[in-house]
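Notes to accompany the following structure.
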Amino acid sequence: MAVRSFESPDGVWWSVWEVIPGRVSEFRSAYGSHLPSNLADGWLCFESATEKRRLAPLPANWQARSDDDLRFWWRAADPVHTRALREPSGDGARLVAMAGAEDEPAFA
């Protein structure tokens, strides 16, 4: 899997990689994908030290495109918002922060 880095106009460094749902088993269940239809064929994940964004659909041949193209897509990408989920524990429920965990690069 390709991972690229670029600097945004405000001086922040971003990493970008593709996420393909069919390659990650957590996206599938016995009932099919639970992803929105616009993400079904994959997306680009942009990540800085403080923020994560998604761009769908996945641009063709994005790995070979210029940093200017990456910056253009970064501006168009949707921010990934942190969501809090309740997870049962022995002492009741506790909050667990989930920040787009499915976007993590899966290195072999």
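List of remarks:
- In region 42-69, residue modelled with the highest pLDDT [restricted to those that are within 15 Å of the chain's Cα centre (by Cα) and over 23 Å from Pro9 (Cα atoms)]: Pro57
- Within region 54-85, tally of residues that are crowded, with 17+ Cβ neighbours inside 10 Å and of a type in the set (D, E, K, R): 1
- Yes/no for Ala101 being over 13 Å from Val16 (Cα atoms) and modelled with pLDDT under 95: yes
- Residues in region 11-41 that are surrounded by 13 or more Cβ atoms within 10 Å (Cβ to Cβ), modelled with pLDDT of 90 or more, of a type outside the set (Val, Ile, Thr) and out of contact with any Ser or Thr (no Cβ under 8 Å at 6 or more places or on another chain): Trp17, Glu18.
- Residues satisfying the stated conditions in region 43-80, i.e. in a helix (DSSP H, G or I) and closer than 11 Å to Glu18 by Cβ: Trp62, Gln63
The values are calculated or read from the model by the stated rules, or taken from the named source; none is laboratory data. These numbers were taken from a predicted model, which means no experiment stands behind them. Glycine gets a Cβ as well: all are built from the backbone with ideal geometry, and neighbour counts include every protein chain shown.
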